[in-house]
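Read through the structure below, which is laid out as structure tokens, and then see the notes.
Readers should treat all values here as calculations from the given coordinates under stated rules, not as data from a laboratory. What you see is a predicted model, and the numbers here were worked out from it, not measured in a lab. For neighbour counting, all protein chains shown are included, and Cβ atoms are generated from backbone atoms with ideal geometry for every residue, glycine included.
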Amino acid sequence: MQTFVILAGWALLAALLARQGMKAAASSAPQAAPFLGGGTPDSHAWQRYHFRPYTMALVFIAFEMEMMFMYPWAVVFVSEGLTALAEMGMFLAILSVGILYGWREGVFRWE
Amino acid sequence: MIAGLVLAVLATLAFGALLAVALDGRLAILAAQGARQRVETEAPDRLNRDLAPAWYLALAAIGLSVVPFAEGAALIDSPVGIVVWGSCEALIVVTVFLHGWSPNAPFPLIGAYRYAAIGLPVLLPSMFVLIAAALPAESLSFVAIVDSQRELWNVIRQPLGLPLFCIVALALTLRGPMDYADAADIATGTSAEESGPARVLWDIARAAMLVSVSAIAATVFLGGPLGPVLPGPVWLWLKIAGLMALFVLGGRRIARTTPSRMLSILWVILLPLSFLHLAISGVLAL
Amino acid sequence: MGMSPLARLALRAPVPVFAAIGPGRQADVERLLARRGLRRALTPRDAAVLLLAGDLPPDAMEPLGRVHDQVPRPRRILRWTDRTETGDAVADRLATAWRGLCGGEDGDDDLQPDAPSNAWRGVGPHGQGGTGMMGGTPYGRPMAMTGLDIRDGLQLDRYTARLGPFAPMLPPGLVLELTLQGDVICDAGVVCPPFAQPADADAPVLCSARMLALLGLEDAARRVIRGGRPGALWLRGAVPRGLGRIEGGGDARERLAGYLAGTPAALAVPPLPELLSGLEWAEAMLVLASLPPSSILRATRLREAA
Amino acid sequence: MTDLIVSLLAAFAAWTGWRVFRVDSMVRASFSLMLSFVAVGGIGVVLSAPYIGIATIFMMAVEMMVMAIFMVMFMMNPAGLNPMVMVHQHRISIAAGLLAATGLGVAILSTPLPSNPVPAEAPVVAQLGHELLGPSMLIFETAGVTLLATMIGAVILSSRRGRFGAADEGARPPGLDPGGPPAGRRPESGGGHHHHGGHS
């Protein structure tokens, strides 16, 4: 209960500061044009943006999901002892293969 | 008790942010910016433009709320504190992305995507480092992590941890070698179309986040409020200030490589290093 | 009534200057803006004073107007056309203008007419200026359309824009027409060559400062221009090996090392489109900064003659 | 009190979930969905599952970030500059939605759910850890293999670049001896469906 009030409180406080503490933005048309050092764009900047490391993003998702298993593991690591070390070592070894494969295929760069 | 902790968080954030801006030598600059016109771009996403700096600030406050100011006294004493902080980190990536997306302009957009590409994999070393710190504490709570450092601080027990976390901290606060969102080659990136108070608020939020990240680092590696003679909060504040100075000064003096190269470095060098760090910490904790 | 503490603090801020550099003045401006008390803004949104140095050719007047109008109000444009005027005098004029703006003086008005690039208000089924999913000019501009990528062949949007002549990351005067997919340059064309600059602009100190600024080391860049050492770590290592390799001129990393050691570079630069297309944005800007302005000018002139 | 917070969070989750289909911008849609999941994670925390709840928030923040990137990458009019309708086949989708909601509601209400609240000081995270390393060890390790398959599959399907050349040009390994024929199988011209095996 208390946690929720605190979290919501911080978010609300910050949002109020941002919305109330600032003058409304207003601009004439030439002022609003995107900055290109005096140049002009042909189109809106919003586009089907070619995010280059997309394969990395997919590998990252899988890896991140795996990391979620490690938090509960960390808590019982000392009490479970070698079992925990061995099991997590095996788990990480399996996933390292994925990272190695991705590295070999060169996905951790701009595609 | 709770009111005191709320006040402590607020005061730490406010004075810490002031200190961070002063360390950057930008107090006068922000004061001057605040009075200027706030420009609006063509067809922006107004809601996200206004809220992105607010969320950044709120995440800084939430991050600082899980930090114990005295032994056993955190505003949010969560049993899963490091996961709460991890979620804050993930939401920071979202927030910085939104900041760059919302103006509908080319340079902010490039900055936003660049930050997403670097900010996401930066989470991995961060998680490894925090999990390693949780091993000897046998708990995910920051209170327990502080408690586990009574004899030996983690900065000595797990020597790779703080250096790795420094890189994470620079990325989360958009600083120096890890400032891929607001870089010079894209005319200050996600902030390129912001002026006046909006720019000031973003800078303040960045400064507040620096306080928060330093507080986390101080808690995890430098024993948080532990220390002789002086009361706990004072020790914490001293450690926070020291780390802030380290991040500000270090950030200014290390060059930033291209994003593609940094991505490779993150996965090919820093991730294996974090593996190694966890393995060493694990063996030592047994 | 006295000034508020905040306003007094604001007066002590370095003057935020956006530099529009004309022919022959690049070195002067770069040295000027490395002074204490002045701050080079990388975007007009961060500036209050627009410094116009040199006499612009007529075709650069419209871009100047665009950049001028993007500076938030109140703003001031300052001209530095007289070559004999010293840096001290200009710095004083900048500071006076800034104090005036902080003191509540009205700034300059827009130079460009207040009209959107395409009429859109009330046009189309929703009044947003567009039609269908991708058609029309919603809010005054069309949307980008798809095309083949040069790297992975994905058919995603191509964003075409002209950049310059006052883009802080390009040599002054250079206008490039770039087509981007993501942040990779798919096509590059030179619309205007850079302004001619005296040999002083090729000084190793200034060339290394330009690269340092792109590496995120603005302080180090200032120190170098003022005659100091960069005082930063991982300088050469941060520039990827083999980037922007030119026959007889080494790669960008070697050029940076040369500038830091004080050796000027004289290179035969291939045409810019060849040099830039296929590079990522950060790489392309590093490559451009690693070339002395005179050789970029020669490379673009060569292309015009051909 | 718990009931009130759970209801508020549930209402917020439903509202942001509904916004996903009402906004024009792919970015707004993705992050509305994220907010919806954040509220669901909050419910988890209230119901004495702090780890699962916060982990949901963590995962969803990351995943919706990636989803936003891909949505903007591949959808027409990604920023919603022209207003559009995010849903198709209204009638069928309304019917399907109602059916699913009713079905799940009936299932939940008719199930005899256990009612033994977890004491506040119970070490739930440690229990989860012991479960993972003990009885559920096989599940845990299987998840590792599944995620490995996911990673390799993602790389194979989405990366054009490869160790031995671009994927669409038929990546071929170098010869075993200098200048010799490529090692391994030669890709069939008709696509990857034939399994002749053997060398040329």
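Below are the figures for this structure:
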quantity	calculated
Residue satisfying all of: in the range B:75-121; part of a helix (DSSP H, G or I), touching a strand residue (DSSP E or B) at 6+ places or on another chain (Cβ under 9 Å) and not hydrophobic (A, V, I, L, M, F, W, C); farthest from the other protein chains (Cβ to nearest Cβ) among these	B:G81
Sole exception among (1) within 19 Å of the chain's Cα centre (by Cα); (2) on the phi > 0 side of the Ramachandran plot for D:M34, by number	(2)
Flag if B:I110 is surrounded by 24 or more Cβ atoms within 10 Å (Cβ to Cβ) and either under 19 Å from the mean Cα position of the chain (by Cα) or not polar (S, T, N, Q) (or both)	yes
Members of the range B:218-232 that are touching a Gly at 6+ places or on another chain (Cβ under 9 Å) and among the aliphatic types (A, V, I, L, M)	B:A218, B:V220, B:L222, B:L226
Filter result (within 32 Å of the chain's Cα centre (by Cα) and within 8 Å of another protein chain (Cβ to nearest Cβ)) within the range C:113-129	C:P113, C:D114, C:A115, C:P116, C:S117
Subset of the range D:53-74 (residues that are aliphatic (A, V, I, L, M) and more than 7 Å from chain A (Cβ to nearest Cβ))	D:I54, D:I57, D:M60, D:A61, D:M64, D:M65, D:M67, D:A68, D:M71
Residue check for D:V155: assigned to a helix (DSSP H, G or I), touching a Gly at 6+ places or on another chain (Cβ under 7 Å) and of a type in the set (A, V, I, L, M, F, W, C)	yes
Tally, over the range D:115-156, of residues that are over 15 Å from B:V80 (Cβ atoms), at the interface with chain A (Cβ under 7 Å from one of its Cβ atoms) and out of contact with any Phe, Trp or Tyr (no Cβ under 8 Å at 6 or more places or on another chain)	6
Residue check for D:S36: under 30 Å from D:E131 (Cα atoms) and more than 14 Å from chain A (Cβ to nearest Cβ)	yes
Single condition A:A8 does not satisfy, out of (1) among the aliphatic types (A, V, I, L, M); (2) facing another protein chain (nearest Cβ under 7 Å); (3) assigned to a helix (DSSP H, G or I)	(2)
Search result, residues across the range B:58-95 that are closer than 25 Å to B:S195 by Cβ and in contact with an Asp or Glu (Cβ under 9 Å, 6 or more places away or on another chain)	B:L59
The one condition in (1) at the interface with chain A (Cβ under 10 Å from one of its Cβ atoms); (2) closer than 25 Å to B:E194 by Cα; (3) buried (at least 24 other Cβ atoms within 10 Å of the Cβ); (4) under 19 Å from the mean Cα position of the chain (by Cα) that B:V9 fails to fulfil	(2)
Residues located in the range C:133-170, provided they are more than 7 Å from chain A (Cβ to nearest Cβ) and of a type in the set (K, R)	C:R158
Inter-residue pairs, beta-carbon under 9 Å, first more than 7 Å from chain D (Cβ to nearest Cβ) and in the range A:83-109, second part of a helix (DSSP H, G or I) and of a type in the set (D, E), 6+ apart	A:L92/A:E66
Candidate set from the range C:243-275 (those that are within 14 Å of chain B (Cβ to nearest Cβ) and surrounded by fewer than 23 Cβ atoms within 10 Å (Cβ to Cβ)); member that is nearest to B:P259 (Cα to Cα)	C:L243
Output for the range C:220-238, where each listed residue is over 30 Å from A:R109 (Cβ atoms) and either buried (at least 20 other Cβ atoms within 10 Å of the Cβ) or within 14 Å of chain B (Cβ to nearest Cβ) (or both)	C:R222, C:R223, C:V224, C:I225, C:G228, C:R229, C:G231
Which numbered condition C:G122 fails, given (1) part of a loop (DSSP other than H, G, I, E, B); (2) buried (at least 17 other Cβ atoms within 10 Å of the Cβ)	(2)
Any chance A:R19 is closer than 30 Å to D:G153 by Cα and either more than 10 Å from chain C (Cβ to nearest Cβ) or in a loop (DSSP other than H, G, I, E, B) (or both)	no
Test: B:R252 is in contact (Cβ under 8 Å) with a residue 12 or more places away in the chain and in contact with a Gly (Cβ under 7 Å, 6 or more places away or on another chain)	yes
Unmet criterion (only one of (1) part of a helix (DSSP H, G or I); (2) within 23 Å of A:I6 (Cα to Cα); (3) within 9 Å of chain A (Cβ to nearest Cβ); (4) more than 17 Å from the chain's Cα centre (by Cα)) for B:N48	(3)
Residue satisfying condition, being under 18 Å from A:M22 (Cβ atoms) and either in contact (Cβ under 8 Å) with a residue 12 or more places away in the chain or among the hydrophobic types (A, V, I, L, M, F, W, C) (or both), within set B:W55, B:W101	B:W55
Elements of type strands (runs of 3 or more DSSP E) in the range C:137-208, at least 3 residues being of a type in the set (G, A, S) and surrounded by fewer than 20 Cβ atoms within 10 Å (Cβ to Cβ)	none
Looking only at the range B:122-161, and only at residues there that are free of Cβ contacts under 8 Å to residues at least 60 places away in the same chain and in a helix (DSSP H, G or I), the one that is surrounded by the fewest Cβ atoms within 10 Å (Cβ to Cβ)	B:I156
Any hit, the range A:28-49, residues being at the interface with another protein chain (Cβ under 7 Å from one of its Cβ atoms), of a type in the set (A, V, I, L, M), assigned to a helix (DSSP H, G or I) and within 22 Å of D:L147 (Cβ to Cβ)	no
Those residues of the range C:209-235 which are over 15 Å from C:V29 (Cα atoms), touching a Leu at 6+ places or on another chain (Cβ under 6 Å) and outside any loop (DSSP other than H, G, I, E, B), in sequence order	C:M211, C:L214, C:A220
